[in-house]
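A.B. asks: A single structure is presented below for examination.
The values are calculated or read from the model by the stated rules, or taken from the named source; none is laboratory data. Every value quoted in this text rests on a predicted model; they were computed, and no experiment measured them. Cβ placement follows ideal geometry from the backbone for every residue including glycine, while neighbour counts extend to all protein chains displayed. The accessibility values were calculated without ligands, DNA or RNA, using every heavy atom of the protein model including side chains. Shrake-Rupley method; radii C 1.70, N 1.55, O 1.52, S 1.80 Å.
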Amino acid sequence: MLSDAEWEALRLSALVGVGATALVMPPAIVLGRVLAVASFRGKALVETVLLLPLVLPPVVTGYGLLVLFGRRGPLGPALAAIGLPVVFTWRACVIASAVMAFPLAYRACRTAFEAVDQRIPGVARTLGASRLDAFLTVTLSMARGGVVAAAVLAFARSVGEFGATIVLAGNVEGETRTLPVAVFQEIQSSGSDGVWRLAALCAVLAAGALVASEVLARRARR
């Protein structure tokens, strides 16, 4: 059986995954659509910046976020002044997970939009649909399988995030101790029993997300 602390880590990881996915998907959809069809000078540089967290060491990304949201950073003092501090709070877990999950969600969305025949939204425009209507009712509908898969992948990546989270959010029980952080804590302080239980929970969450991604993507393609 799981202890209260382990249940709390599981609950927090699930909430962080949902919050990070909600934060990631709107920009991933918009940027995925724009960069799937647009051609402009500097496009490769823009895509490199968007995908950078995918290849950077997570602790480096976490340090960059710490500089950005820390007490002396450009955003930290302003957010703290309105009662929304980030560093060493659950918000830090969501932000760190969202940043690390964004490249996966963006690439999946871009690939989905690249597969859409651009002539079909064009036909909708000639029939009187606005650009936004054509996107929502035609383009997004045709790409929904890839978009759903992007959301589930973002969730799976978020609940498994450790490196950037430990730097930006720390290890505060009941506040920032997600499942991966709890695994690290167990390795540092206890034996292997707690580690195996928490590792199994991580595996179940990740596998469940991947299975759900495949099921939802198949349904969306019907």
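A.B. asks: Anything in the range 16-42 that is open to solvent by less than 50 Å² (accessible area, probe 1.4 Å) and more than 18 Å from the chain's Cα centre (by Cα)? List them, or say none.
C.D. replies: 35, 36, 38, 42
A.B. asks: If you check 86, 55, which single one turns out to be open to solvent by 80 Å² or more (accessible area, probe 1.4 Å), at pLDDT below 95 and closer than 22 Å to residue 23 by Cβ?
C.D. replies: 55
A.B. asks: Those residues that are closer than 25 Å to residue 107 by Cβ, free of Cβ contacts under 8 Å to residues at least 24 places away in the same chain and open to solvent by 10 Å² or more (accessible area, probe 1.4 Å), I need them from the range 123-173; list them, please.
C.D. replies: 131, 132, 136, 137, 138, 141
A.B. asks: Turning to a different aspect of this structure: Is at least one residue of the range 196-212 in a helix (DSSP H, G or I), farther than 22 Å from residue 15 by Cβ and open to solvent by 70 Å² or more (accessible area, probe 1.4 Å)?
C.D. replies: Yes, there is a match, as at least one residue in the range 196-212 is in a helix (DSSP H, G or I), farther than 22 Å from residue 15 by Cβ and open to solvent by 70 Å² or more (accessible area, probe 1.4 Å).
A.B. asks: For residue 177, all conditions in the list (1) surrounded by fewer than 18 Cβ atoms within 10 Å (Cβ to Cβ); (2) basic (Lys, Arg); (3) under 30 Å from residue 68 (Cα atoms) hold save one; what is the number of the exception?
C.D. replies: Going through (1) surrounded by fewer than 18 Cβ atoms within 10 Å (Cβ to Cβ); (2) basic (Lys, Arg); (3) under 30 Å from residue 68 (Cα atoms) one by one, residue 177 breaks only (1).
A.B. asks: Moving on to the next point. Give the residues of the range 69-79 that are in a helix (DSSP H, G or I) and either loosely packed, with under 15 Cβ neighbours inside 10 Å or among the polar types (S, T, N, Q) (or both), sorted by residue number.
C.D. replies: 77, 78
A.B. asks: Among (1) surrounded by fewer than 20 Cβ atoms within 10 Å (Cβ to Cβ); (2) assigned to a loop (DSSP other than H, G, I, E, B), where does residue 187 come up short?
C.D. replies: Going through the list (1) surrounded by fewer than 20 Cβ atoms within 10 Å (Cβ to Cβ); (2) assigned to a loop (DSSP other than H, G, I, E, B), residue 187 breaks only (2).
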